[in-house]
Structure formats: C-alpha cells, structure tokens
Amino acid sequence: MRRLTQDTQANERGAITVIVALLMVVLLGSVAIAVDFGVIHSERAQLQSGADAAAIGMAQKCARDASDPLCSTTSTLAGSLANQNALDGMSKVHSIALDKTARTVAVATSAKETGGTDNSVSLFFADILGVPTKEVGARSSAVWGSPKAGRTAFPLAFSICQVKGHVDGSLQLLQDHGSNTNPDCNYGPSGAAVAGGFGWLAPDAGKCGGTIDLALSEGGSDTGNNAPGNCSTELNRWASEITAGREIVVLLPVFNSVVGTGTGAVYGLISFAAFKVTGWKFSGNSGLPYEFRSEISAATGVTSSTECKGDCRGIIGSFVKYVSLADGYTLGPVDEYGATIARMTL
C-alpha cells in the first residue's frame, strides 16, 4: 500500500508539471500577443494623428492659396506634420491624393523605422513565431472651400461696398446709418444700401443668428437702429473672449443687391465674409451687452475715426483672410472675400 501511494503521488506530480508547462506556454503567448498588440495600436494611433494633421494642414494651405507649392502632391508640409505626431519623429507619407477642383485632399501614412522596413513595425515576441513585422498605416482626408449655406452666429449682413477692397485686416467702423466705404457701389441715397451700410437679417426663432443659403434671397428684420433680439448671451460671450485676449471671428453674409427698405428689405446674398470683431454699439444704452468699447486701446490701433460713440450705431473690427475649422456649412469654390473653411471628412 505504501509503495502504491508513493507511485500515485509521483504520477500526480508529473501530471501537474506537464499541465503547468502547457499553461506557461499559453500564458507567455498571451503576454506576447498583448505586448505586440500594444505596439501596433500605439503606432497606428500616432500615424492617424499624423495623417489627420497632414490632411487638415494641406487643406488650410490650399484654401489660402491653391498655387502654393505646399498645396501639391509633392508637398513637404504633409511629411513634416506627420513626423511631428510620431513619438520617434519618424513616419512615412505613403501617398497624397489632391483634387483642387473638388477641393479635397487625402493623406495616407505608414510606419517607418531606422534600419527597418518601411510601412511595417517590428514585433518583439511574434518574431519568435516567425512574424517579425506588421504593416501599419492610417489615412485621413479633408475638404476646403468658401461657405455657401449655414447658420450665422449673428443676424447681420454687410454690403459688398463695405467689404470690397477691405479684406486686408485694416480696422473699420461700419455704421448702420451712413454712406458705404466704396463710392463705386451705390444702391441708394448717399451710397447707402438701405438705411445704413449693413442690415439686420431675420433670425431663427428664439436664436441670435439665422440660417442662411446664398442661393436664396434673405428678408430683413430691421435697419439696424435697434439692438438685435436674443443676442445678449452671444454678445456677452464675445466681450468676455475679447477681454481675455482671444479673437472673435464670425462668418457674416455679404449682399450685392437690395430691394425694399426696413423690415421689407430683401437682400441678394453672394458670399460670407470673415469679420474679426473688436467692439460695437447697437443701442443708446451704455455697457454690455449692446455696447462694448474696451476695443479703444493702443494695442488694437483704434483711433477716433473708428470709435463708435454718441448717436453712432455700428460695429468695429476688420475683414480678414481667415481659415475656419467650422462645421455645419455647405462649401463651394473659394471666393474673394476671405472666408474659407477647412475640415476633416474621414
């Protein structure tokens, strides 16, 4: 009996040893897979960030100037942005698909290692099983263009007379009762489009701004003498951002024709312009939200000629060349008034 018991225990110990050995193989294999999977996942994430940055960077460059050498299939910008998003500073731009007519760009990136094979990342444990590398890549695309339809942040439209020749960043005071800045473009008495250089558009119900489609004429809501409704929150936000040193640039419609006056005015819209706001005065009351005058400082270059005070009703700022990452706009060909949008599509 003693000998039988000893033999049984020895057999059990031997069986356990075999089971432990088999489990160790499975366990080590699982660890190997987890480590290599983590390497692949990290590499793919870096490549995706690089592809995203390259696509949006090229779209912004093409939006500003489609003839720029950096807006081309041989652009060095894509590779530079892709490398900046790689932890080791190395990646490969596999391809750039650029369509300037459709205003789209797609960038494909792949892994790159010093002394290694392009397009692949080296594996640590899988190499033991005969799988030394894994192809890893990413792709991203972007589109650019001028906005043709979308929701404005503010129910304001400018005459082309005030925009034409002024998309240069120069500071302007745009008054609602006064002649336009361009004497070659007259729609009414003293060069005024309606009862002023800009007009209030009909806003969406309960909103500050309105939904605009350049293919359609837009009805007016006022000549601008009264403060806009439902805009207190938006104007207070603008003031807070400007005071904190941040820019407020809004996309506002531009019209080149108008029929009727006051609330009966109908504007023929042709474009969106990018306007950087620095101050405003929309009513006779002093202070926020309908008067903001902290723009009067040496830092912003405001002079007495661009200050809006007393009976003045207007907005101070500048038309700028602007590339926006704004969503929610339908895009078309880039126009001359400065407002362009570049955004990711994939």
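The values are calculated or read from the model by the stated rules, or taken from the named source; none is laboratory data. Note that the coordinates shown come from a computational prediction; the quantities given were computed from them, not determined experimentally. A quick note on method: Cβ atoms are made from the backbone with ideal geometry, for glycine too, and the neighbour counts reach across all protein chains shown.
Miscellaneous remarks
- Hits in region 81-108 (condition: closer than 14 Å to ALA45 by Cα and part of a helix (DSSP H, G or I)): ALA82, ASN83, GLN84
- Here TYR337 meets the list (1) at pLDDT 85 or above; (2) under 29 Å from VAL143 (Cα atoms) almost entirely, failing just condition (1).
- Check on ASP184, surrounded by fewer than 17 Cβ atoms within 10 Å (Cβ to Cβ), at pLDDT 80 or above and either on the phi > 0 side of the Ramachandran plot or assigned by TED's automatic domain parsing to the domain that holds SER318 (or both): no
- Exactly one residue among ALA153, ALA142 is at pLDDT 80 or above and either surrounded by fewer than 21 Cβ atoms within 10 Å (Cβ to Cβ) or assigned to a loop (DSSP other than H, G, I, E, B) (or both), and that residue is ALA153.
- Test result for THR345, over 22 Å from the mean Cα position of the chain (by Cα) and at pLDDT below 90: no
- The residues listed here are THR223, THR263; of these, the one that is within 23 Å of ARG293 (Cβ to Cβ), polar (S, T, N, Q) and modelled with pLDDT under 75 is THR223.
- Residues in region 196-215 that are modelled with pLDDT under 85 and either out of contact with any His (no Cβ under 6 Å at 6 or more places or on another chain) or outside the structural domain of GLN162 (by TED's automatic domain parsing) (or both): GLY197, PHE198, GLY199, TRP200, LEU201, ALA202.
- Qualifying residue in region 270-286 (condition: in a strand (DSSP E or B), surrounded by fewer than 20 Cβ atoms within 10 Å (Cβ to Cβ) and modelled with pLDDT of 75 or more): yes
- Residues (under 21 Å from THR340 (Cα atoms) and buried (at least 18 other Cβ atoms within 10 Å of the Cβ)) located in region 82-111: LEU98, ARG103, THR104, VAL105, ALA106, VAL107
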